[in-house]
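Peer 1: Handing you a structure now.
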Amino acid sequence: MVYTKAQMVYQDYKWTARADHDNPKIIGGQEHSELNRSEGYEMLYFINSLAKTWGWSESNLTSKQKLETIIRTNVPSSIRTHTKIKEWIEGHYSKI
């Protein structure tokens, strides 16, 4: 089971991909691309991508919701790319 819109902690996301280069289904989670933390589709794709990368079970809803919260509230706003956000989370996840 992938993380879905209905399962998300925050309900204030925008649900429009502005252009093809912003559409996560097209960019394929490119490491150098910036994550728009207010765009629901980008957040869903990024969370599901990290969960898959880290080998989380499909049913691990609590961890995916924690990951969403970390991205929204803990990761410094100056960290914007997929790679840098992932690295920050890996370095801080166990402390949060």
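Peer 1: From the backbone phi of segment 81-92, what are the Karplus-calculated ³J(HN,Hα) couplings (6.51 cos²θ - 1.76 cosθ + 1.60, θ = phi - 60°) in whole Hz, Gly and Pro given as x?
Peer 2: Couplings: 7, 3, 4, 5, 5, 4, 4, 4, 4, 4, x, 10 Hz.
Peer 1: Here's a follow-up. In terms of Cα to Cα distance under 27 Å, which lysines are near enough to residue 14, apart from those fewer than 8 places away along the same chain?
Peer 2: 5, 25, 52, 64, 66, 84, 86
Peer 1: Another question, if that's okay. Looking at segment 39-68, which GluC sites (Glu not before Pro) are DSSP coil and have at most 14 other C-beta atoms within 10 Å of their C-beta?
Peer 2: Counting only loop positions with at most 14 other Cβ atoms within 10 Å, the GluC sites (Glu not before Pro) in segment 39-68 are 58.
Values in this text are rule-based calculations from the coordinates and carry no lab data. No experiment lies behind these values; they were computed from the predicted model shown. Cβ sites come from the backbone with ideal geometry, for glycine too, and all protein chains shown count toward neighbours.
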